[in-house]
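Notes for the one structure printed next.
The values are calculated or read from the model by the stated rules, or taken from the named source; none is laboratory data. None of these values were measured; they are calculated from a predicted model. Heads up, the Cβs are rebuilt from the backbone with ideal geometry, glycines too, and the neighbour counts pull from every protein chain shown. Heads up: the accessible areas ignore ligands, DNA and RNA and are worked out on the full protein's heavy atoms, side chains in. Shrake-Rupley method; radii C 1.70, N 1.55, O 1.52, S 1.80 Å.
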Amino acid sequence: MKKYGVNELREMFLSFFEEKGCLRLNSFSLVPHNDTSLLIINSGMAPMKPWFTGQEIPPRRRVTTCQKCIRTGDLENVGKTARHGTFFEMLGNFSFGDYFKKEAIPWAWEFLTERVGLDPERLYPSVYVDDDEAYNIWLNDMHVPAERIYKFGKEDNFWEHGSGPCGPCSEIYYDRGEKYGNGPEDVMGGEGDRFMEVWNIVFSQFNNDGHGNYTDLVQKNIDTGMGLERLAVAVQDVGSIFDVDTLKSLSSQIIPAR
Ligand code: SER
């Protein structure tokens, strides 16, 4: 596999989804507008909530972005794991009542395996425990063996962050190999750094009013997120997000080589 740089990977993702009909938009500001549920933008979908709910009409029903993010809930993990950062960039493709599971899952697989060249045998999808439709797409259409498809509950495979659009999700983990294992607890879907979640496809079907009450959205949507730096960790086979090419070139100016 070619060791693409962060800037190459960003462009590869955005142009791949342009080929799939998505409109490329610039990152939105880190400061939320008209959203009192968030202090800072935490994901690609956050600035687009009115397009998911149908309150506003998007410029196109298929969009792709690379969004500047700070995920306050993850800050405690920074410096402890290989995969959590303060500021990060999230690659996303979004459907507002347009494409759904049967397109979003194959496109994720195509991008990771054919464009980027990740070894399919090191990729492990997970699905929400009741989501037979997503499970069957992985099994029958993508031909991922059943033993590599995991079913997890709400804690892992239902995406929501404060109020707004949410739903069950399907994630893709990459096995970085034994050398990155933290010990026997480093299992698929666990908290260790060997199996790193790189891609998350949320089937955004519900609205959470912020008090745990869910209603159906007027349309079924796709909200995909992939951590750009995490993808680079997998592609460049480096220890952590702080070792990818762009961050390394910065830190090497600040921290003298030993
Ligand atoms: N909203 C989901 C996430 O941030 C997918 O984009 O992981």
Exercise. What residue, of I172, I137, is in contact (Cβ under 8 Å) with a residue 60 or more places away in the chain and either open to solvent by less than 50 Å² (accessible area, probe 1.4 Å) or more than 14 Å from the chain's Cα centre (by Cα) (or both)?
Worked result: I172
For this session: Output the qualifying pairs, or none if there are none: Cβ atoms under 7 angstrom, residues six or more apart or on different chains, first residue in the stretch 105-123 and within 18 Å of P168 (Cβ to Cβ), second residue open to solvent by less than 30 Å² (accessible area, probe 1.4 Å) and among the aliphatic types (A, V, I, L, M).
Result: I105/A134; I105/I137; I105/I201; A108/I172; A108/I201
For this session: State yes or no: is A108 over 15 Å from the mean Cα position of the chain (by Cα) and within 23 Å of V187 (Cβ to Cβ)?
Result: no
Seminar exercise, completed: Filtering the stretch 62-78 down to residues that are open to solvent by 30 Å² or more (accessible area, probe 1.4 Å) and touching a helix residue (DSSP H, G or I) at 6+ places or on another chain (Cβ under 9 Å) yields R62
Exercise. Tally time: how many residues in the stretch 200-258 are closer than 18 Å to P50 by Cβ and either under 14 Å from the mean Cα position of the chain (by Cα) or touching a residue at least 60 places away in the same chain (Cβ under 8 Å) (or both)?
Worked result: 11
For this session: Please note which helices (runs of 4 or more DSSP H) are completely contained in the stretch 145-258 and include at least 2 residues that are more than 15 Å from the ligand (Cβ to nearest atom) and of a type in the set (A, V, I, L, M).
Result: 228-236, 245-254
Seminar exercise, completed: Flagged pairs (Cβ under 7 angstrom, 6 or more apart or on separate chains; first in the stretch 79-90, closer than 20 Å to K179 by Cβ and among the β-branched types (V, I, T); second away from the ligand (no atom under 15 Å from the Cβ) and open to solvent by 70 Å² or more (accessible area, probe 1.4 Å)) are none
Exercise. Out of curiosity, is R60 of a type in the set (D, E, K, R) and part of a loop (DSSP other than H, G, I, E, B)?
Worked result: yes
Exercise. What are the residues in the stretch 39-49 that are within 12 Å of the ligand (Cβ to nearest atom) and either more than 14 Å from S163 (Cβ to Cβ) or in contact with a His (Cβ under 8 Å, 6 or more places away or on another chain) (or both), if any?
Worked result: I41, N42, S43, G44, A46, P47, M48
For this session: Read through the list (1) of a type outside the set (V, I, T); (2) farther than 18 Å from M1 by Cβ; (3) modelled with pLDDT under 95; (4) open to solvent by 30 Å² or more (accessible area, probe 1.4 Å), then give the number of the only condition that Y180 fails.
Result: (2)
For this session: Name the single residue, out of those in the stretch 79-94 being of a type in the set (F, W, Y) and open to solvent by less than 40 Å² (accessible area, probe 1.4 Å), that is farthest from the ligand (Cβ to nearest atom).
Result: F88
Seminar exercise, completed: Residues of the stretch 23-34 being open to solvent by less than 50 Å² (accessible area, probe 1.4 Å) and away from the ligand (no atom under 14 Å from the Cβ), in sequence order, are L23, L25, L30, P32
